[in-house]
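The values are calculated or read from the model by the stated rules, or taken from the named source; none is laboratory data. What you are looking at is a predicted structure, and each value in this text was computed from that prediction instead of being measured. Here the Cβ positions follow ideal geometry from the backbone for every residue, glycine too, while neighbour counts run over all protein chains shown. The accessibility values were calculated without ligands, DNA or RNA, using every heavy atom of the protein model including side chains. Shrake-Rupley method; radii C 1.70, N 1.55, O 1.52, S 1.80 Å.
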2 protein chains.
Amino acid sequence: MSQHSGSEVAEKTGPKTERGRRTLRKLLDAAGEEFGARGYHETAISSITQRAGVGLGTFYVYFKSKEEVFRALVADMGARTRHALSESVKDAPNRLEAERLGIRAYLEFVRTHKSLYRVVMEAQFVAPESYAEYYRVFAEAYRQGLAQAAKRGEISEGNDDVRVWALMGASTFLGLRYGVWDDDADVGAVSQAASDLMINGLAPRPKKNGDASS
Amino acid sequence: MSQHSGSEVAEKTGPKTERGRRTLRKLLDAAGEEFGARGYHETAISSITQRAGVGLGTFYVYFKSKEEVFRALVADMGARTRHALSESVKDAPNRLEAERLGIRAYLEFVRTHKSLYRVVMEAQFVAPESYAEYYRVFAEAYRQGLAQAAKRGEISEGNDDVRVWALMGASTFLGLRYGVWDDDADVGAVSQAASDLMINGLAPRPKKNGDASS
DNA sequence: TTGAAACATGAGTCAACATTCAGGTTCCGA
DNA sequence: TCGGAACCTGAATGTTGACTCATGTTTCAA
């Protein structure tokens, strides 16, 4: 949906008329809902077209195959997530604060996009390439953010590749646990606790004075 | 496999003869390999029985359905993983050190059990109950470990539920990235960097001497 | 030795889709 | 008002693969 890439939609450049664009949108939305609710393999194309309110054959006017919609959905979710995150972080005073805001925004985003979130996770098995790409792009931006922050002294030095994957993993699991499974939990409290861990780690805090290390 | 639970195998108590136990083992091993390599939906029962070297019908002597083997596999992986981890951690002098050892052992375990690892991840979509149970059991033990360590002052206080899920997520993603996708990476370096993040967080370290910030 | 419990087998059944296709319908510029 | 481009449709096709079952074979206790 939205205004992103249009290369995974059929062969050509996309719908030529307004009517076509509306139909495409309806199909993508319906597919997102169905895949998100029932999972890829349990979802029949006919259930997508039914939900979209179009004929079965229409699906193949817009997509070459079942897998293609799925891939389009994953790509779309990637673009949306990156957008939401960069928005939420754009006026953070420093990297540590950006982490706090980012984790919170991420949890909220997952909650409001459960279906597409499940689609992304399932992509690991349905469309591994799309899944890898999703996290590759993400990791790349994240890594640069960390590297620059480290240079500025806002965070410690470290193996950024490893850190990025650990942080993405933490967010992903929290998204699953508190965004998808248990959406009653207090996002504020969770993101606070999470960013505290990411920022300060498990080590006991040196009390305001005295004792630094062994 | 191994000597764990036997309640997910068919209706009855399990094979009565040695011959039967061997066949069951062969089927479980074959199923693990096939599911791990091709994924649940791409794997045909016939390919499992072929790999196991038994007839197709034999499969249904031991399992009620395709999903049942899958669930048995997830449960088995859970038991094995917990065992491997508790072994690796059993004589850690303190919790922080236990984290270090744990993350390292986990990465190594994933590498040597790639197939079953993929099975566990795919369970999220194939057998959600099994997946939730896998992490629930894990989280419970982990949480207690953290709570006790906090009481002893070995780690800081915090929301242990959140921390546990964040830490499990970090390990899981690192397992995927460095255990499954890129098994050339140096496990030692990765687990070192990871545990450093988990223990100390991203916050800049107060340098022993000079310069702290801008 | 024997019979029955345990185990093994693979051809055949059957339902579930993904995808195709031949034939419409709608839209719009000339 | 016409022609063709864009779009729509759903019955029919073909494949795939989980699961059944009727019929063996092996094991072993009595």
Please give the average number of partner chain Cβ atoms lying within 10 Å of the Cβ of each residue in A:130-138, rounded to a whole number.
1
What is the angle, in °, between the Cα long axis of helix B:18-38 and the longest principal axis of the Cα atoms in chain B? Nearest 10 is fine, range 0 to 90.
60
Once the mean 1/r over all distinct Cα pairs of chain A is inverted, what Kirkwood radius in angstroms do you read off?
19.1
What list of ³J(HN,Hα) values in whole Hz, one per residue of region A:174-191 in order, does the Karplus curve 6.51 cos²θ - 1.76 cosθ + 1.60 (θ = phi - 60°) give from phi, with Gly and Pro shown as x?
5, x, 5, 5, 9, x, 9, 6, 10, 8, 9, 4, 7, 4, x, 4, 5, 5
Calculated label separations, A:THR13, copies of the chain, 7 Å along the beta-carbon direction, nm
7.4
Which pairs in the list A:LYS26/A:LYS66; A:LYS114/B:LYS114; A:LYS26/B:LYS66; B:LYS16/B:LYS66 are over 24 Å apart, alpha-carbon to alpha-carbon?
A:LYS114/B:LYS114; A:LYS26/B:LYS66
A:ALA141 label points, 7 Å along Cα→Cβ, one per copy: pairwise distances from this copy to the rest in nm, shortest first?
3.8
Cα pair distances exceeding 15 angstrom across region B:13-93, given as percent:
60
Among A:LEU73, A:LEU146, A:LEU56, which one shows the highest mean-square fluctuation when chain A is modelled as a Gaussian network with alpha-carbon springs under 10 Å?
A:LEU56
Expected max-MSF residue from B:GLU18, B:GLU33, B:GLU99 in the GNM of chain B (alpha carbon, under 10 Å) is B:GLU18
At R0 = 45 Å the Cβ-Cβ FRET efficiency linking B:HIS83 and A:GLU18, nearest 0.05, sits at 0.15
In whole Å, how far is the Cα centre of region B:157-175 from that of region A:24-60?
35
Calculated Rg and Dmax of region B:53-176 using C-alpha coordinates, Å
16.8, 58
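Compare the peptides B:36-42, A:166-172, A:91-97, B:130-136 by average per-residue count of other Cβ atoms within 10 angstrom and give them in order, highest first.
Ranking the peptides B:36-42, A:166-172, A:91-97, B:130-136 by packing returns A:166-172, B:130-136, B:36-42, A:91-97.
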Enter the angle in degrees (range 0 to 90, nearest 10) between the Cα long axis of helix A:128-151 and the first principal axis of the Cα atoms of chain A, meaning the one along which they spread out most.
30
Go ahead and set up a Gaussian network model of chain B, Cα springs under 10 Å, then flag whichever of B:SER195, B:SER86, B:SER115 fluctuates most.
B:SER86
Surface per residue (accessible, 1.4 Å probe) for region A:68-200, Å²
39
Return the long-range amide H neighbours of B:ALA44 (sequence gap of 5 or more, or a different chain), with a cut-off of under 5 Å between placed amide H atoms.
none
Cα extents of the protein assembly as shown per principal axis, largest first, Å, are 70, 69, 40
Zone of A:GLN148 (label point 7 Å along Cα→Cβ, backbone N under 15 Å): which residues in region A:78-113?
A:86-99
Cα axis of helix A:114-126 to longest principal axis of chain A: angle in degrees, 0 to 90, nearest 10?
80
Once every DSSP H run of n ≥ 4 in chain A is given -39500 (n - 2.57) and the sum is divided by its residues, what mean residue ellipticity at 222 nm do you get, rounded to the nearest 500 deg cm²/dmol?
-22500 deg cm²/dmol
What list of ³J(HN,Hα) couplings, whole Hz, do you get for region A:45-51 from phi and the Karplus terms 6.51, -1.76, 1.60, once you set θ to phi - 60° and write x for glycine and proline?
3, 4, 6, 5, 5, 5, 5
Can you list, shortest first in nanometers, how far B:ARG25 lies from the same residue in the other copies, with each label 7 Å from Cα toward Cβ?
6.2
